[in-house]
Amino acid sequence: MDNDSIEKARERVQQLQTDFAARGDAFGWFDALYQEAAGNNETIPWADLEPNAYFKQWAEKNELKGDGRTALVVGCGLGDDANYLSELGFKVTAFDLSPTAIEWAKKLYGGDKTAFEVANLFEPPSEWIGAFDFVLEIYTIQPLPLEMREDAIDAVSRFVTAGGKLVVVTRGREDDEPVGEVPWPLSRRDLSRFVANGLRQTEFVVFPPENEGEADRWVVTYKRN
Ligand SMILES: C[S@@+](CC[C@H](N)C(=O)[O-])C[C@H]1O[C@@H](n2cnc3c(N)ncnc32)[C@H](O)[C@@H]1O
């Protein structure tokens, strides 16, 4: 996607998020954006039909392999990262609150390799709690209202089984830096909530932004002992 298209798509995100928030709806704008896109991923800033580049670099460096282990992808959008994990040999479940995104993901990557489900991070199926060897969270926490941040982190943490791993990919900011406009980057203080949930931080990789003025991207990994 060229810079102009990304800028236009981001402006639309901000407009929709503001409009829905004014009506007291923190989540409705996601499905509205996917619906409005009508199959054109270029109007969705994060949807590039490729696995996340920062996660992919981390996975390649760590020679990530599933070997039949279970993985859960949180807020999977169009499913590119879920499909990538399937190709690496994980048994993948991927969910999103937006029915339109899940329908689209099934068209792109559906079949018997990945289970795509409509589900809410805050009310997940009970059988998912403590059930996954590998949990992947990319950019789902950062566009949720700040007052939901701790609950969102608690909810993501709960999916990780004993001995399992969590990888979080996010925009990062200093603890005392203003959050600015959506998406609101996470701080190290925010991330400490994963540790409060019984996870041990095992790696913290900082990727400088590709474009000037943008936030760093962080790839942070955790393990449940
Ligand atoms: C910024 S997008 C990132 C999508 C994907 N992870 C990616 O990187 O391409 C955030 C995603 O989280 C989903 N989402 C937002 N709130 C959610 C919730 N409460 N439960 C599940 N998914 C949610 C949205 O529908 C959207 O697809």
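See the values below:
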item: Segment 110-123: number of residues that are more than 26 Å from PRO145 (Cβ to Cβ), free of Cβ contacts under 8 Å to residues at least 24 places away in the same chain and in a loop (DSSP other than H, G, I, E, B); result: 3
item: Count of residues meeting criterion [within 12 Å of the ligand (Cβ to nearest atom), touching a strand residue (DSSP E or B) at 6+ places or on another chain (Cβ under 6 Å) and β-branched (Val, Ile, Thr)] in segment 96-146; result: 3
item: Helices (runs of 4 or more DSSP H) fully within segment 1-88 counting 1 or more residues that are away from the ligand (no atom under 15 Å from the Cβ) and either aliphatic (A, V, I, L, M) or closer than 22 Å to ALA105 by Cβ (or both); result: 3-22, 80-87
item: Conditions (1) within 25 Å of GLN57 (Cα to Cα); (2) away from the ligand (no atom under 16 Å from the Cβ): number failed by ASP176; result: (1)
item: Failed item in (1) within 15 Å of the chain's Cα centre (by Cα); (2) buried (at least 17 other Cβ atoms within 10 Å of the Cβ), with ASP154 passing the rest; result: (2)
item: Residue within segment 188-202 that is crowded, with 16+ Cβ neighbours inside 10 Å, closer than 19 Å to MET148 by Cβ, over 18 Å from the mean Cα position of the chain (by Cα) and polar (S, T, N, Q) present; result: yes
item: Residue ID - farthest from the chain's Cα centre (by Cα), chosen from residues in segment 89-109 that are outside any strand (DSSP E or B) and farther than 15 Å from ALA47 by Cα; result: GLY89
item: When residues of segment 45-92 are limited to those that are under 21 Å from VAL206 (Cβ atoms) and of a type in the set (Phe, Trp, Tyr), the one surrounded by the fewest Cβ atoms within 10 Å (Cβ to Cβ); result: TYR54
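The numbers here are math on the coordinates, done by the rules we state, and not lab data. What you are looking at is a predicted structure, and each value in this text was computed from that prediction instead of being measured. All Cβ positions, glycine included, derive from the backbone under ideal geometry; neighbour counts span all protein chains shown.
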